[in-house]
Structure formats: structure tokens, C-alpha cells
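These notes concern the structure reproduced below.
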Amino acid sequence: MPVPSFPGLPPGLIADLAAVEQSFPGWHVWLSDEGRVYAVRIRTSADMAAHQRRYGGLSTPAGITLDADDAPSMRREIASHVEEYRAWAA
């Protein structure tokens, strides 16, 4: 399916954001009205249960939101978060 283009946005930006989202299942990436890139991931019940076991029943946020200046920066932000989470969950 072709990626739509939007007047006033840098060429390829929407495709770049879609590519970031496709690289990280479970994450949703979007561009704000101000031109900032955001990504959100809602934690699964398994994620939340693991957090509660690890931290003695303390509650955990149901999701996480990241922000970045552009698509490459968002790719790095999500990758860093995923790596930190994997290290924590191990």
C-alpha cells in the first residue's frame, strides 16, 4: 500500500515513521502538530505481572511514551528502551 504524502512535511518523513513502527512490533509512532515524533507502547499483562513480581507488588505504568526530534532519533530511542527492558527482564 502506498504511503500518503502530506504537504509541508519533509519528503519521506511519513514513510520513515512507518518504517520505524514496522521495525518495533507493539509500538505506535506518530508526528505531533508541532512536528515532534512520539511513540507509545502499551504494556502487556505479562509485562505488568513481571514488574510486580520483581518489585514486590509495586504497581507499574500501563504504557510508555517516548519522544524524539525525527525518525532516526526515534528509532534509537525505541531500540535503547527495548534493550534496557530486555536486560531488566533477564
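No lab work stands behind these numbers, since they all come straight from the coordinates. None of these values were measured; they are calculated from a predicted model. Neighbour counts run over all protein chains shown; Cβ positions are idealised from the backbone, glycine included.
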Kindly identify the chain as rounded, prolate or oblate by the Cα gyration tensor criterion: order the square roots of the eigenvalues as a ≥ b ≥ c, call it rounded if a/c is under 1.5, otherwise compare a/b with b/c, prolate if a/b is larger, else oblate. prolate
Label-zone membership for region 62-79, site Tyr55, 7 angstrom Cα→C-beta point, backbone N under 16 Å: 62-65
Asp69 and Ser45 label points (each 7 Å along its Cα→Cβ direction) are spaced in nm at 4.2 nm
